[in-house]
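J.: One structure follows; several queries about it will come next.
No lab work stands behind these numbers, since they all come straight from the coordinates. Predicted model only: the values in this text are computed from it and were never measured. Using ideal geometry, Cβ is built from the backbone for each residue, glycine included, and neighbour counts are taken over all protein chains shown.
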Amino acid sequence: MRETLRQLVVLQRVDDELAGVKLEAEGLPARCEAAEAERSASQAALEEAGEALKARELEQRGLESELADAEELIRHLEGQTSQVKTNAAYHVLLAEIEAAKQAKDGLEERILETMEVVSEHRDALTTAEEKARATGSRVDEELARIESRVTELAKDRDRLGAARDQAADLLDPDARSRYERVVERRRPGVAIISKEVCSGCRVGIPPQDFVELLSATSILQCRTCKRVLVHRDMLGSGS
Ligand SMILES: [Zn+2]
């Protein structure tokens, strides 16, 4: 019976490992999605930075074109000063020239301000480009890691599947079917204990069961959670 209990524990350990492999494999698609989402977000930020810069550059070009028009107007008005006939018309013309010069000054100021903003946006774009590059290679690495993990896990699953079959075949049929019934509902299917408490469900083990457990003459299950109970001493040293 001790041997059966030991074999049960071996089966349970293989099942634990299998469950871990399965859990990790199930989490991989979400890891891929998270990595791709990170890439998309950095690409979106890059595009946004590019659009913002373009808009400001367009604004600057518009102002520069307005400035050229203003300069052209001033030249045109100044060209007329020698042609005015009356003093009044001359004053009107001077006022127009002054207004045009003020408009030109205003435009120059706005161009300087816009140039500063454009420069800030250019820096932001550079930062976004660097970030997108770094994110891109990090995501590529993560996807490569996940891909190789998929292969490793498939191998682990095959190896553990074979180990499970082997461990299960060695088991006494009654012990095996009891164990299989438990693991259909809860894991682990074996509770390894050292005190009079089930390590699976934390409920106390009746004294008569505990005595039986120590003698290891039969397969005993927790009365509450139905886990197969194995006393730590039954496992021997090194297992
Ligand atoms: Zn229990």
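J.: Farthest toward the dipole's positive end in the stretch 1-148, which of LEU67, ALA128, THR4, given Cβ charges of +1 (Lys, Arg) and -1 (Asp, Glu) about the Cα centre?
T.: The residue sitting most towards the positive pole is THR4.
J.: Ignoring everything except DSSP H segments at least 4 long, calculate the 222 nm mean residue ellipticity for the chain; use -39,500 (n - 2.57) per segment, divide by total residues, nearest 500.
T.: Taken over the chain, the calculation gives -29000 deg cm²/dmol.
J.: What does the charge count around GLU180 come to, taking other residues whose C-beta lies under 14 Å from its C-beta (Lys +1, Arg +1, Asp -1, Glu -1)? Mind dumping the intermediate values first?
T.: Numbers: positive: ARG164, ARG176, ARG178, ARG181, ARG185, ARG186, ARG187, LYS226, ARG227; negative: ASP15, ASP165, ASP169, ASP172, ASP174, GLU184.
In short, +3.
J.: Also, I was wondering about something else. Give me the net charge for the shell around ALA128: Cβ to Cβ below 12 angstrom, other residues only, Lys and Arg +1, Asp and Glu -1. Don't skip to the answer; put the middle values down first.
T.: Values: positive: ARG122, LYS131, ARG133; negative: GLU47, GLU48, GLU51, ASP123, GLU129, GLU130.
Taking every other residue near ALA128 into account, the sum is -3.
J.: Work out the length of the dipole vector of the stretch 109-239 about its Cα centre, built from +1 on the beta-carbon of each Lys and Arg and -1 on the beta-carbon of each Asp and Glu, and round it to the nearest 20 debye.
T.: Values: 23 positive and 24 negative charges, 208 e Å.
Once rounded to the nearest 20, the dipole reads 1000 debye.
J.: Another question, then. Can you give the direction-averaged projected area of the convex hull of the alpha-carbon atoms in the stretch 191-239, in nm²?
T.: Directional mean of the projected Cα hull area for the stretch 191-239 stands at 3.1 nm².
J.: Picking from VAL197, VAL211, VAL92, which is most flexible by a Gaussian network model of the chain using Cα springs under 10 Å?
T.: It is VAL92.
J.: Between Rg and the Kirkwood Rh of the stretch 147-239, both from Cα atoms, what is the Rg to Rh ratio?
T.: That ratio equals 1.06.
J.: Using a 10 angstrom cutoff on alpha carbons, build the Gaussian network for the chain and name the most mobile of ASP69, ASP16, ASP165.
T.: In the Gaussian network model the winner is ASP69.
J.: Could I ask something else about it? Which one of VAL150, HIS76, GLY106 is farthest out on the positive end of the charge dipole of the stretch 17-171, using unit charges on Cβ (Lys, Arg +1; Asp, Glu -1) and the Cα centre as origin?
T.: Toward the positive end, the furthest listed residue is VAL150.
J.: While we're looking at this one, here's another question. For the stretch 151-227, state which GluC sites (Glu not before Pro) are in a DSSP loop and have at most 16 other beta carbons lying within 10 Å of their beta carbon.
T.: Taking the stretch 151-227 and a limit of 16 other Cβ atoms within 10 Å, the loop GluC sites (Glu not before Pro) found are GLU196.
J.: Could I ask something else about it? When we measure straight from the Cα of LYS131, which lysines land under 22 angstrom away, once same-chain ones fewer than 8 places off are left out?
T.: LYS54
J.: In whole Å, what are the extents of the chain along the principal axes defined by its C-alpha atoms, from largest to smallest?
T.: Principal extents (largest minus smallest coordinate, Cα): 130, 36, 28 Å.
J.: In the chain, which Cys residues have no partner Cys with a Cβ closer than 4.7 Å?
T.: CYS32
J.: Which trypsin sites (Lys or Arg not before Pro) does the stretch 78-118 hold that lie in a coil by DSSP with at most 16 other beta carbons within 10 Å?
T.: LYS85
J.: Between GLU3 and SER65, what is the spin-label point distance in nm, taking each point 7 Å from the Cα along the Cα→C-beta axis?
T.: Taking the two extended label points, one gets 9.4 nm.
J.: Of ILE97, ALA167, THR86, which is farthest along the charge dipole of the stretch 24-176 in the positive direction, counting Lys and Arg as +1 and Asp and Glu as -1 at C-beta?
T.: THR86
J.: Treating only the Cβ of Lys, Arg, Asp and Glu as charged (+1, +1, -1, -1), what charge dipole size does the chain show about its Cα centre? Round to the nearest 20 debye.
T.: 2360
J.: What is the sum of charges, Lys and Arg at +1 and Asp and Glu at -1, for the other residues whose Cβ falls under 13 Å from the Cβ of LEU77?
T.: Spelling it out: positives minus negatives among the neighbours equals -3.
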